[in-house]
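A short reminder: the numbers here are calculations on the coordinates, not readings from a lab. Everything numeric in this text was worked out from a predicted model, so none of it was measured. Backbone-built Cβ (ideal geometry, glycine too); neighbour counts: all protein chains shown.
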Amino acid sequence: MKNNKVHIIKNGVIALAMTLFFSCTNNFKEVNKIGISENEPQGVGIDINAKRTDSGRVVANLISPKLLDFENRTFGYSEFPDGVTLHVFDDQNQRTTIVSDYAIIYSETDVIDMQGNVVISSHQGDSLFADQLYFDQNKQWMFTNLPVKHKTIDYLTNGKGFDSDRDFKKAEVLEISGSYYIGEE
């Protein structure tokens, strides 16, 4: 009988130890999240002025009144709820400026999604007006599938979609719905 009680106690201690052993996990990431809601940014920046360089030369300058940092998400991103001004510089340091009411930069893809009253002004005098525009920072390429107005020195072209390099050398309006000569005669 005494041997049976020792056996029961011994099995109970082993079961308790096994339960504790298997319930312990490395939850360092979970501990770091304490105090941060899944829907809240992990950081907020005010009066942002970020520069991107390549070989010591500034290739882009992003300016925004507010940044919300959601890099703690599975697909991390930075949100600019109050809009952005993005200056993109070519190899001759000539500037193209893109302005929008709202923007998101996706970290994994390095794509900027600009939305609301998007206006591009190139150093050649070209302008583009759109509701949304993507800028792939790695490929230095701008594009959209939404309606656009592209203004050059001589023409105003309406269409649905736009593709261009950062320098507007390969600018193309897609699905053209109208093109108007506005130059001097």
**Request:** Could you tell me whether any residue of the stretch 82-92 is among the polar types (S, T, N, Q), touching a residue at least 12 places away in the same chain (Cβ under 8 Å) and out of contact with any Asp or Glu (no Cβ under 9 Å at 6 or more places or on another chain)?
**Result:** yes
**Asked** Got a sec? Which of Ser100, Ser107 is buried (at least 18 other Cβ atoms within 10 Å of the Cβ) and under 23 Å from Val44 (Cβ atoms)?
**Response** Ser100
**Request:** Evaluate the stretch 98-114: report whether one residue or more is outside any strand (DSSP E or B), farther than 17 Å from Lys170 by Cα and either polar (S, T, N, Q) or touching a Ser or Thr at 6+ places or on another chain (Cβ under 9 Å) (or both).
**Result:** yes
**Complete:** If we keep only residues of the stretch 123-143 that are assigned to a loop (DSSP other than H, G, I, E, B) and within 13 Å of the chain's Cα centre (by Cα), then the residue surrounded by the fewest Cβ atoms within 10 Å (Cβ to Cβ) is Asn138
**Item:** Subset of the stretch 76-97 [part of a loop (DSSP other than H, G, I, E, B), within 28 Å of Ser55 (Cα to Cα) and not small (Gly, Ala, Ser)]
**Value:** Asp90, Asp91, Gln92, Asn93, Gln94
**Message:** Please go through the stretch 145-169 and give me each residue that is surrounded by 16 or more Cβ atoms within 10 Å (Cβ to Cβ) and part of a loop (DSSP other than H, G, I, E, B), ordered by number.
**Reply:** Thr152, Arg166, Asp167, Phe168
**Prompt:** Looking only at residues in the stretch 170-185 that are in a loop (DSSP other than H, G, I, E, B) and over 27 Å from the mean Cα position of the chain (by Cα), which one is surrounded by the fewest Cβ atoms within 10 Å (Cβ to Cβ)?
**Reply:** Glu185
